[in-house]
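The values are calculated or read from the model by the stated rules, or taken from the named source; none is laboratory data. Quick caveat, the model's predicted, so the values are computed rather than measured. Cβ atoms come from the backbone with ideal geometry, glycine included; neighbour counts cover every protein chain shown.
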Amino acid sequence: MVRPEPYRIKMVEPIRLISREERERRIAEAGYNLFALRAEDVFIDLLTDSGTGAMSDAQWAALLRGDESYAGSRSFSRLQETVRELTGYRYVLPTHQGRGAEHVLFPLLITRPGQLVIGNLHFDTTRAHIQLAGGRPVDLVIPEAYDTTVDHPFKGNLDVDRLEALLKSTPRDAVAFILVTVTCNSAGGQPVSLANLRAVRAVADKYGVPVFLDAARFAENAYFIKMREPGYAGRSIPSIVKEMFSYADGLTMSAKKDGLVNIGGLLALRDDEDLFRRCQARLVPFEGFPTYGGLAGRDMEALAEGLREAVDEDHLAARIGQVERFGRWLEEAGVPVQRPIGGHAVYVDAKRFLPHVPPHQFPAQALAVELYREAGVRGVEVGSFLLGRDEEGRQQTAPMEFLRLAVPRRTYTDNHLRYAAEALERIMARRDAIGGFRIVYEPPVLRHFTAHLAPVSAGCPQPFANELLTED
Ligand code: P61
């Protein structure tokens, strides 16, 4: 039976498909980097689900209630109360977005150069902030996550045996903290089970290591737990959310995802008052006074409302159901995708889609460019192009080469996604003719935002990506 969305549409924003010739020109001008396109030249934007969702009428109304007081804002109090209720954590600090929270917290936890930060699979800004703070990110997701053909209900789980082995063989002061990302974005929007969080907590306690959650998609994670974890079908989403957070000492959160707002982030701590004071002291110079942290009062007000809507089960069923349908259409068309379908996006396996394009010619980037050319649909590469270089400047090879098609919340209809799926089906039929790319310019950190590329067929000596080339 069809389960319709639990909302109707009150406002629309026109979008337009420019001609194929224009698209060819625009993507070449953008240096084959989809981040450099003008949004107007994109028809359906699946670049990210971050800050791109639609707010509800209640959230728009909340904007008008925003208290813009510099200190002691009423909107902060409302946000604080909501976060305390959802998480059970005492200390709440707003930040301008997720990376703001990372920038405040990580340097306080990483106290010696080279300390490990162990996670399932760190997302790129998180990885960058760990490294900027002098730490070393370690990924210990279960091996099933790396095989897109294997079905596993909780592919985001951290491999607890390897975690224990690592903690056992490493001096305590060589480890800073454990950070579990829910859902695990880099593995394909894959959930982490409560059993896994509980086991991580137990091992962490044994070795005295703090545990944090990177909680951008906490509500979607809770929905998967309710659907898939034995014993949780009858539990409410808020109670599952609370149990998830009960296994950690604190969270960083990009509120631009499950917070259902266009900007915002959070840092929250269970009960460590000393750490909270030190976070507050860093928040002030980098983000802002502790009762606004880089946000306007109205942003905090809309976020408080968004967090409540995010844990509504009807919302989650519609949201995750839509992403699931999108994935199914692609699979029916023979497009290889990460299985099972994730919470916020479909991850096309570009290694299997373009087996003739080697990792250092960025197959998922090649596919992203082709999808834009074909249909004006913008996705994003999550693979070797995003991963970048090691400390010696050598191009690293990502374990997976994904074209991520992220679905903004409450924004596109099924027809939009069907159109994108049909475009990929057409590309599938002529995939042998699609070639790779090389980098012609890149900045040293988070290069994928601003790098320029060129088609390998345009002529370049091997090996391409290991040379740091600049534009002439
Ligand atoms: C995304 F192309 N994610 O998935 P901020 N943790 C996690 C995230 O997913 C995340 C952040 C922390 C984005 C935005 C994005 O190269 C890119 O609020 C699990 O963006 O600071 C962000 O939160 C950081 C897109 C980020 C990118 C980096 O689309």
Checklist entry - Is there a residue in the stretch 18-30 that is within 16 Å of the ligand (Cβ to nearest atom), within 30 Å of SER457 (Cα to Cα) and at pLDDT 95 or above? => result yes
Checklist outcome for this item: Within the stretch 254-306, residues being of a type in the set (A, V, I, L, M, F, W, C), within 25 Å of the chain's Cα centre (by Cα) and more than 21 Å from ARG319 (Cα to Cα) number 10
Checklist outcome for this item: Considering only helices (runs of 4 or more DSSP H) wholly within the stretch 167-285, the ones with at least 2 residues that are within 12 Å of the ligand (Cβ to nearest atom) and buried (at least 24 other Cβ atoms within 10 Å of the Cβ) are 218-228
Checklist entry - How many of the residues making up the stretch 445-472 are in contact with a Gly (Cβ under 9 Å, 6 or more places away or on another chain), part of a loop (DSSP other than H, G, I, E, B) and modelled with pLDDT under 90? => result 6
Item to check | Residue match in the stretch 355-372 (condition: of a type in the set (Asp, Glu), within 20 Å of the chain's Cα centre (by Cα) and surrounded by 17 or more Cβ atoms within 10 Å (Cβ to Cβ)) | outcome: no
Checklist entry - Looking only at strands (runs of 3 or more DSSP E) that fall completely inside the stretch 48-146, which ones have 2 or more residues that are away from the ligand (no atom under 16 Å from the Cβ) and buried (at least 21 other Cβ atoms within 10 Å of the Cβ)? => result 91-95
Checklist entry - Is it the case that some residue within the stretch 346-361 is within 15 Å of the ligand (Cβ to nearest atom) and either touching a residue at least 12 places away in the same chain (Cβ under 8 Å) or closer than 19 Å to ASP124 by Cβ (or both)? => result yes
Next on the checklist: Suppose the filter is in contact with a Ser or Thr (Cβ under 9 Å, 6 or more places away or on another chain), surrounded by 23 or more Cβ atoms within 10 Å (Cβ to Cβ) and either at pLDDT 95 or above or closer than 22 Å to GLU22 by Cβ (or both); does GLU381 pass it?
Outcome noted: no
